[in-house]
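The values are calculated or read from the model by the stated rules, or taken from the named source; none is laboratory data. All figures in this text were calculated on a predicted structure; none of them were measured in a lab. Cβ: placed from backbone, ideal geometry, glycine included. Neighbour counts: every protein chain shown.
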Amino acid sequence: MATAHSAIPRPAARVGIVGGGQLARMMAEAAPALGLTITVLDPTPDAPASEFAPQIIAAYDDAAALAQLASLSDVVTIDIEAVSAGSLAALEAANSRVAPSSKVLGIIQDKLVQKDFLSAAGLPGGVYRGVSTLAELRAFGLPCVLKARRHGYDGRGVKLVRTEDEAADFLAQGPCLAEQVVDIARELAVMIARADSGETALYPVVEAEFDPAANILNTIVAPAAVSAEVTARCADYALRAVTALDGVGIFGIEFFLTRGGEVVLNEISPRPHNSGHYTIEACATSQFAQHLRAVAGLPLGSAALLHPAASFNLLGEPDARGLPVYRGLDEAAATAGAAVHLYGKHRVAPYRKMGHITVTGTSRDDALDNARRLQALVRAGGSEQ
Ligand SMILES: Nc1ncnc2c1ncn2[C@@H]1O[C@H](COP(=O)(O)OP(=O)(O)OP(=O)(O)O)[C@@H](O)[C@H]1O
Ligand SMILES: [Mg+2]
């Protein structure tokens, strides 16, 4: 019988992923249970995903390599936003299926275009303006948060600036988005998957804490301890954002809850997200399996939370170099409900994401207590430390 998904060859649809980092690795780990096979494209030999999937070694925007990936795949997706929207558009023009689409990537990968898009969709993204010069910045007003319009990640490409002096070097690197400083009480996030048919699956709202030293996402706690009203607002904004985008795949939506009780939509990632790693152990369907389901045209799975959970990144120590040397993994193995995910990176570097650990528990506090304890014990050092 023909179904809405009949355009995708079944069984064993082939998924090509541009990017072979930890997100592609965890997609590749989830693929066999769905009858899917994976090929990745990444410039770095032995990329994290290559342990689980064949790798084409080439630059993300290498047209011939992308065409090869598409020829080996029924659908092409991404684990990184570094590939240009134009490269994906070229695949679409050659009748390859790409999800999320080049249009979605084009909107999201430029932070100013993304803010304008959200604003046009009636979603509250805070007060902002595109700035390229000190005069434009002056007109906008200081202090503000300056963000590189393109290629920022993990807080690199984001700077709180109080004076024009502090802003000068940053502005010289390229066009920026200036945002009014939000008086943040909590940082929240939600994963949402959307299929071609418009069907969606919404995960619980989680809370994110940041490590101020590394300016990187630190601990994720699911569910967030926020009111039903705040939860409902995040859910509504997430649904409206992916619907307005006409996005296919999984999306990570980041919010700020202000001290005044407002919910501001900070940004969207068109792919599995750090704040969704907890879903592997804590939800009925992991964000990685869900993304594959959405892009391969399979029915979406349940996004229900099965257990409260807390999850943290295992980052390279501030002075770590050389081969990774892990400590404290025995403590994690001895902790009921703890799952260690190492990304198979062959070199460690300061603050590099080497893995993550999720702890599920009987309550939010139980999971968080165990995560905090392990966070103090588990270390990713280096052989040249
Ligand atoms: N307008 C703002 N006001 C106050 N703090 C902000 C603002 N924008 C960003 N921040 C802080 O900077 C962090 C990083 O910002 P943002 O998420 O936009 O950058 P990013 O590089 O895309 O980060 P990541 O890749 O880690 O998600 C936020 O999580 C928040 O802590
Ligand atoms: Mg962010």
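What do you reckon, is Phe256 within 16 Å of ligand 2 (Cβ to nearest atom) and among the aromatic types (Phe, Trp, Tyr)? If you could, list the steps in order and put the result at the bottom.
Values: within 16 Å of ligand 2 (Cβ to nearest atom): yes; among the aromatic types (Phe, Trp, Tyr): yes.
Considered against the rule, which asks whether it is within 16 Å of ligand 2 (Cβ to nearest atom) and among the aromatic types (Phe, Trp, Tyr), Phe256 comes out as yes.
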Single match in Ala310, Ala371 (criterion: crowded, with 18+ Cβ neighbours inside 10 Å and either in the same structural domain as Gly21 (by TED's automatic domain parsing) or at pLDDT 95 or above (or both)): Ala310
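So, in region 169-185, how many residues would count as being among the polar types (S, T, N, Q) and more than 12 Å from ligand 1 (Cβ to nearest atom)? So that I can check it myself, show each step before the final result.
Of region 169-185, the ones among the polar types (S, T, N, Q) are 173, 180.
Right, trim to more than 12 Å from ligand 1 (Cβ to nearest atom) and you get 173.
Total satisfying the criteria: 1.
Here are some residues: Val206, Val190. Which one is buried (at least 22 other Cβ atoms within 10 Å of the Cβ) and touching a Pro at 6+ places or on another chain (Cβ under 7 Å)? Full working, then the answer.
On the way: Val190 fails: touching a Pro at 6+ places or on another chain (Cβ under 7 Å).
Val206 is the lone residue from the list that is buried (at least 22 other Cβ atoms within 10 Å of the Cβ) and touching a Pro at 6+ places or on another chain (Cβ under 7 Å).
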Where a residue in region 359-385 is under 22 Å from Ala349 (Cβ atoms) and its partner, wherever it lies, is of a type in the set (Lys, Arg), with Cβ under 6 Å and at least six apart: Arg379/Arg327; Gly382/Arg321; Glu384/Arg321
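Can we say Phe117 is outside the structural domain of Arg233 (by TED's automatic domain parsing), touching a residue at least 40 places away in the same chain (Cβ under 8 Å) and either among the hydroxyl-bearing types (Ser, Thr, Tyr) or out of contact with any Ser or Thr (no Cβ under 8 Å at 6 or more places or on another chain) (or both)? Walk me through it before giving the result.
Values: outside the structural domain of Arg233 (by TED's automatic domain parsing): yes; touching a residue at least 40 places away in the same chain (Cβ under 8 Å): yes; either among the hydroxyl-bearing types (Ser, Thr, Tyr) or out of contact with any Ser or Thr (no Cβ under 8 Å at 6 or more places or on another chain) (or both): yes.
In short, yes.
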Residue that is nearest to ligand 1 (Cβ to nearest atom), among those in region 245-263 that are among the small types (Gly, Ala, Ser) and in contact with a strand residue (DSSP E or B) (Cβ under 7 Å, 6 or more places away or on another chain): Gly252
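Which one of Gly21, Gly35 is modelled with pLDDT under 95 and outside the structural domain of Gln287 (by TED's automatic domain parsing)? Spell out how you get there, then give the answer.
Numbers: Gly21 fails: modelled with pLDDT under 95.
Being modelled with pLDDT under 95 and outside the structural domain of Gln287 (by TED's automatic domain parsing) holds for just one of Gly21, Gly35, which is Gly35.
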